[in-house]
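Colleague: My questions all concern the structure below.
The values are calculated or read from the model by the stated rules, or taken from the named source; none is laboratory data. Just so you know, these numbers come straight off a predicted model, no measurement behind them. Reconstructed Cβ throughout: ideal geometry from the backbone, glycine too, with neighbour counts over all protein chains shown. Just so you know, the surface numbers come from the protein's heavy atoms only, side chains and all, with ligands and any DNA or RNA stripped out. Shrake-Rupley method; radii C 1.70, N 1.55, O 1.52, S 1.80 Å.
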Amino acid sequence: QENTLAQPVGITLERYIMRKQAEFPYATGELSQLLRDLALAGKIVHREVNRAGLSDITGGMGTQNVQGENQQKLDMEAHIRFVRALKNGRETCAILSEEEAEIIHTDNDSGNYVVAMDPLDGSSNIDVNVSIGTLFSIYRRVTPVGTKASEADFLQGGRQQVAAGYILYGSSTMFVYTTGHGVVGFTYEQSLGEFFLSHPNIQIPKQGKIFSCNEGYWFDYPESVRTFLMNCKRREYSGRYIGSLVADYHRNLFNGGIYMYPPTSKNPNGKLRLLYECYPLAMLIEQAGGQAVVSATEAVLDIVPTELHQRTPLFIGSPDMVQELVASGQAVLAAV
Ligand code: P6P
């Protein structure tokens, strides 16, 4: 259904959700409430992130998550805030978080939705004051309402997402999401405690002149990636790599560009997580007119998931740049 009722810039997220819901008579309001719950937790995390320097919640906890990654205090703070907001909102029967190996049951088995999320990605950047982000992916459950959710609810595949988005805690805090009808962006006004509509219909430029990847892995990169990068440099494109996925992605979404995390010897299946990093960003980019692939023949959203925390390579951004990258016909952009 087309985005018929263009909303005036400046309305609050709350009002926007209510008006959009009115466009879908079958909408029961549950997904609307879920988005509100995420926005609420985002406001709280915004406050924590912006206060981190003044309170003892930066730095490591001395613990590791099940991925073996050092947990930052803010990582866990964000995890707790989002889980609590979703539990209280009562629309979600289960949550998958990067911070916990197993799915988290919300004790609300009548909830119709599940949420897969990275509560705070790029948290190693917190202590050096670099932008960080929350990523989320929403599905309608496939297990019977009233029963305990299972992994099957999370392993439906990227094209079954009913909504996806991120919150970027940068020079300003933005809430960007899609429900399959275009990509919309809200900017947080902390003096009022509200997200205001700032970008009613985000579309990525068809071509870009920015490449984002960690060239420290150059000697690990597949030949097709190195060839592509050499061509970018011959044209004097700009290398922009913050090392914080949401920040790199958001800049390319607005300015055009490509973000690449190819397989490396350290991460032969790529580093980024499929369910709560690559699927939501891939849904957003396709809604914004871009592309997200793992090879010349496979889109990220078409990957059939088998494990909750599985990793995948990721090549995502302006369609002309993604097409040039895969044009070399490499069946798989795999490590050499
Ligand atoms: P590398 C941060 O740890 C993260 O998950 C993403 O936010 C970021 O894009 C990537 O890893 C950076 O990884 O290997 O380049 O340091």
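Colleague: Using the heavy atoms of the protein chains alone and a 1.4 angstrom probe, what is the accessible area of the chain per residue in square angstrom?
Modeller: Accessible surface, normalised per residue, equals 41 Å².
Colleague: Between Gly111, Gly216, Gly170, where does the largest GNM mean-square fluctuation fall for the chain, given springs only between Cα atoms within less than 10 Å?
Modeller: Gly216
Colleague: Same structure again: Working from Cα positions, state the angle (0 to 90°, nearest 10) between the long axis of helix 223-234 and the longest principal axis of the chain.
Modeller: 80
Colleague: Among Glu236, Glu102, Glu151, which one shows the biggest mean-square fluctuation in a GNM of the chain, springs joining Cα atoms closer than 10 Å?
Modeller: Glu236
Colleague: Where the accessible area of the chain is counted over protein heavy atoms with a 1.4 Å probe, how much of it, in %, is carbon and sulfur?
Modeller: Of the solvent-accessible surface of the chain, carbon and sulfur hold 50 percent.
Colleague: Now for a separate question. If you count the DSSP beta bridges with both ends in the stretch 77-204, what percent of them are antiparallel, to the nearest 5?
Modeller: DSSP beta bridges in the stretch 77-204 are roughly 85 percent antiparallel.
Colleague: Also, I was wondering about something else. Using Cα centres only, tell me the gap between the stretch 232-263 and the stretch 103-132 in whole Å.
Modeller: 24
Colleague: Same structure, new question: Ignoring ligands and nucleic acids, what accessible area does Met230 show with a 1.4 Å probe (Å², nearest 10)?
Modeller: Roughly 80 Å² of Met230 is accessible to a 1.4 Å probe.
Colleague: Also: At a probe size of 1.4 Å, how large is the accessible area of Lys209, to the nearest 10 Å²?
Modeller: 120
Colleague: Would you mind working out the magnitude of the charge dipole of the chain relative to its Cα centre, with +1 at each Lys and Arg C-beta and -1 at each Asp and Glu C-beta, to the nearest 20 Debye?
Modeller: About 620 debye.
Colleague: What lysines does Lys148 reach when the alpha-carbon gap must be under 29 Å and sequence neighbours fewer than 8 apart in one chain are set aside?
Modeller: Lys87
Colleague: Could you work out the local net charge near Arg141, counting Lys and Arg as +1, Asp and Glu as -1, over the other residues with Cβ closer than 14 Å to its Cβ?
Modeller: On the way: positive: Arg90, Arg140, Lys148; negative: Glu30, Glu91, Asp109, Glu151, Asp153.
Charge balance in the 14 Å sphere: -2.
Colleague: Rounded to the nearest 0.05, what FRET efficiency do Asp320 and Arg15 have when you use their Cβ-Cβ distance and R0 = 35 Å?
Modeller: Efficiency, from the Cβ-Cβ distance: 0.45.
Colleague: Is the shape of the stretch 207-336 best called rounded, prolate or oblate, per the rule: a/c under 1.5 gives rounded, else a/b larger than b/c gives prolate, else oblate, with a ≥ b ≥ c the square roots of the Cα gyration tensor eigenvalues?
Modeller: rounded
Colleague: What does the net charge come to around Asp37 if you take all other residues with beta carbon closer than 14 Å to its beta carbon, with K and R at +1 and D and E at -1?
Modeller: That sum, taken over residues with Cβ under 14 Å, equals +3.
Colleague: By a straight-distance test (C-alpha under 25 Å), which lysines pair with Lys209 as possible cross-link partners, with residues fewer than eight away in the same chain excluded?
Modeller: Here the lysines satisfying the reach criterion relative to Lys209 are Lys233, Lys271.
Colleague: Given the DSSP H assignment, sum -39500 (n - 2.57) over each helix run of at least 4 residues in the chain and divide by its residue total; what's the result at 222 nm in deg cm²/dmol, nearest 500? All intermediate terms of the calculation are to be shown ahead of the outcome.
Modeller: On the way: 7 runs with 90 residues, N = 336.
-8500 deg cm²/dmol, from helical runs alone.
Colleague: Another question, then. Of all DSSP beta bridges located in the chain, what percent are antiparallel, nearest 5?
Modeller: The answer is about 85 percent antiparallel.
Colleague: Can you give the accessible area of Asp302, probe radius 1.4 Å, in Å² rounded to 10?
Modeller: Surface open to solvent at Asp302 totals about 80 Å².
Colleague: Specify whether the C-alpha gyration tensor of the chain places it in the rounded, prolate or oblate class, a ≥ b ≥ c being the square roots of the eigenvalues: rounded for a/c under 1.5, otherwise prolate if a/b is larger than b/c and oblate if not.
Modeller: Working: a/c = 1.39, a/b = 1.32, b/c = 1.06.
It is rounded, given that a/c, with a ≥ b ≥ c, falls under 1.5.
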